[in-house]
Amino acid sequence: MASYFSTDWANMTTHDWAGLIITVGVFFGMAITFYLALRPSKREEMEKQKYKILEDD
C-alpha cells in the first residue's frame, strides 16, 4: 500500500511541478477565501445579504 502512494520526486517533470504548485496554491487560496467569507464575525453581514439575489429591484 505504501508503494502505491509513494511519489518519485526526482523523476517529476516541469509539468508535474507546475501542476503540483497550482493545485496547492488553489487549495490554500480557497481555504483562505472560505475562512474570510464564513468566519463568525461576518455572520450578520452575510445574513443581511442572504436573499439579495431573490429581491426584485
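Does region 7-25 hold any residues that are open to solvent by 80 Å² or more (accessible area, probe 1.4 Å) and under 19 Å from the mean Cα position of the chain (by Cα), and which are they? Talk me through it step by step, then tell me what you get.
If we filter region 7-25 for residues that are open to solvent by 80 Å² or more (accessible area, probe 1.4 Å), which is where we start, we get 8-11, 14-15, 17, 21-23.
Once the filter is applied, which keeps residues that are open to solvent by 80 Å² or more (accessible area, probe 1.4 Å) and under 19 Å from the mean Cα position of the chain (by Cα), region 7-25 yields Trp17, Ile21, Ile22, Thr23.
Is it the case, given these coordinates, that Ser41 is in a loop (DSSP other than H, G, I, E, B) and exposed (fewer than 10 other Cβ atoms within 10 Å of the Cβ)? Criteria not met by Ser41.
Take Tyr4 and decide whether it is over 20 Å from the mean Cα position of the chain (by Cα) and of a type in the set (Phe, Trp, Tyr). Criteria met by Tyr4. Apart from one condition, Ala2 fits all of (1) open to solvent by less than 100 Å² (accessible area, probe 1.4 Å); (2) assigned to a helix (DSSP H, G or I); (3) at pLDDT below 90; the exception is (2).
The values are calculated or read from the model by the stated rules, or taken from the named source; none is laboratory data. This structure is a prediction, so every number in the text was calculated from the model and none was measured. We place every Cβ from the backbone using ideal geometry, glycine too, and count neighbours over all the protein chains shown. Ligands, DNA and RNA are excluded from the accessible area calculation, which covers all protein heavy atoms including side chains. Shrake-Rupley method; radii C 1.70, N 1.55, O 1.52, S 1.80 Å.
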